[in-house]
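Undergrad: Sharing a structure, written as structure tokens. Questions coming.
Derivation of every value follows stated rules applied to the coordinates shown; laboratory data play no part. Only a predicted model underlies this, so the values are computations on that prediction, with no experimental measurement involved. Counting neighbours? That spans all protein chains shown, and the Cβs are built from the backbone with ideal geometry, glycine included.
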Amino acid sequence: MKTENNSFDESSDTRTVKDDVQANWERVVRRRSFLHGIGAAGAIAGAAALPAGTLFAQDNRLSKGDAAILRLAAAIEFIEADLWQQYNELGGQVDNNDNPNPGNPAYIAALQNLDGDMPQYISDNTDDEISHRKFLNAYLTSKGAQPVDFTKFETLQPSKAAGALGNGRLTNLQMLTVDTSWYFRYRSTQNPDLGAKFPQLLNIVKQTAIPLHNSYAPSTIQAIANIAGIHFAFIEQGGSSLYPILALKATSLEVLRILISIGGVEIDHFSLWHDKMGNAVAPPVAPLVDPVTGLTFPNFNDPASQHNTMLSPADQQAGSQMFQTNLIQPEPCQFISPDLPPCSIIRPTLSPNGGPMATVQAFIADGLFIGQNPAFLEQLMDLASEAEAARREAQN
Ligand SMILES: [Fe+2]
Ligand SMILES: [Fe+2]
């Protein structure tokens, strides 16, 4: 059901998606024998105790685990490429053929308030994701493994704003609930892999990250551009954790090489967007209030804004370090053991916290698949479940 400003009716579609997600996970869990009898959460927590896979392909072929890892990576890249293409049409410098992109002038102007080079960065990130998707699928095919193709699920309504193309989409950027807890995670001396939890920096709930029409007030289009900038960082911090986790499961050195090589670029993306999103919560863009939604972007460099009662006592004591917007490189944190010195690292790197199933769950919670066919979710969950089960094996 359509509403005036969004392509989907929030209440009914959100409820339907939640029900579908739950039903699909249960189906996937029931079907997979390795999870038999223990349930998804227990299976992840107890993953180390699972028997190692024994299926090894001969010759040039991938092991079952390596194929599952790369298929999940290809699926994630398919999703990333779809969402970045939407951002690029509206806010990018060039189109997919490197021709100048007219885009959406009001959106581009608002993005450029975060950084004058935003359109170029968006186009470059889009290019990268398309290359990741194509490479991974071509590599899988070259090894006799099945590539990943979600084209038939590109059915979601595109934006009606100037610049957007008319084709159907795999991902929904029109009703995002953006997890912003990573902002604190990368400023904290605590580590989610050692049990740390972080609250939200901002409460971005069911908001569009792209313009849906051409008549926004200046503060509303700026808020939409801010959400986009923050969403860019959310997506890429997810890839920054996922690839190291997948690398830990790889058997073939060549697959390991692929994972750390692509993963490095995801970290590069994250670092870039971490810097740019900081400008959404710093002067002159912030403080900003969207008069339509009430969404507020405080100036987090103002000491008056540097408190969050949901932070742990240790993080509250860290004070301005938890908020400072140009503190974009990972602060040293606990790693492996609290008895070892703090270390500046990507985190999390344990599968239950950022691996295949956690990543897919985070994308679902983000609202990326609101309105999507349940068959797509089931296929994606299957891929995540198989990659989650992959284990590093001794090479022949
Ligand atoms: Fe990627
Ligand atoms: Fe990426």
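Undergrad: Among the listed pairs Lys197/Lys276; Lys134/Lys197; Lys64/Lys152; Lys206/Lys276; Lys64/Lys134, which have their C-alpha atoms separated by more than 31 angstrom in this model?
TA: Violating the 31 Å Cα-Cα cut-off are Lys134/Lys197.
Undergrad: Over all Cα pairs of segment 305-396, how is the pair count split among 10 Å bins, expressed in % and running from 0 up to the last occupied bin?
TA: All Cα pairs considered, the percentages come to 13, 27, 31, 23, 7, 0.
Undergrad: Right, another one. What is the distance in Å between the Cα centres of segment 148-189 and segment 230-286?
TA: What the calculation gives is 16 Å, centre to centre.
Undergrad: Which of rounded, prolate, oblate describes segment 60-389, given a ≥ b ≥ c as roots of the alpha-carbon gyration tensor eigenvalues and a/c under 1.5 marking rounded, otherwise prolate only if a/b is larger than b/c? Walk me through the numbers on the way to the answer.
TA: Numbers: a/c = 1.85, a/b = 1.10, b/c = 1.68.
It comes out oblate by the Cα gyration axes.
Undergrad: Let me ask you something else. Take the alpha-carbon positions of segment 134-275, form their convex hull, and give its projected area averaged over all directions (one quarter of the hull surface) in nm². All intermediate terms of the calculation are to be shown ahead of the outcome.
TA: On the way: hull surface 44.3 nm².
Mean projected area for segment 134-275: 11.1 nm², to one decimal.
Undergrad: Given Cβ point charges of +1 (Lys, Arg) and -1 (Asp, Glu) and nothing else, what value in debye, to the nearest 20, does the dipole of segment 243-316 about its Cα centre take?
TA: It comes to approximately 180 debye.
Undergrad: Oh, and also: Take each of the peptides 71-80, 307-316, average the number of other beta-carbon atoms within 10 Å over its residues, and list them starting from the highest. Walk me through the numbers before you get to the answer.
TA: Numbers: 71-80: 26.2, 307-316: 13.2.
Final packing ranking: 71-80, 307-316.
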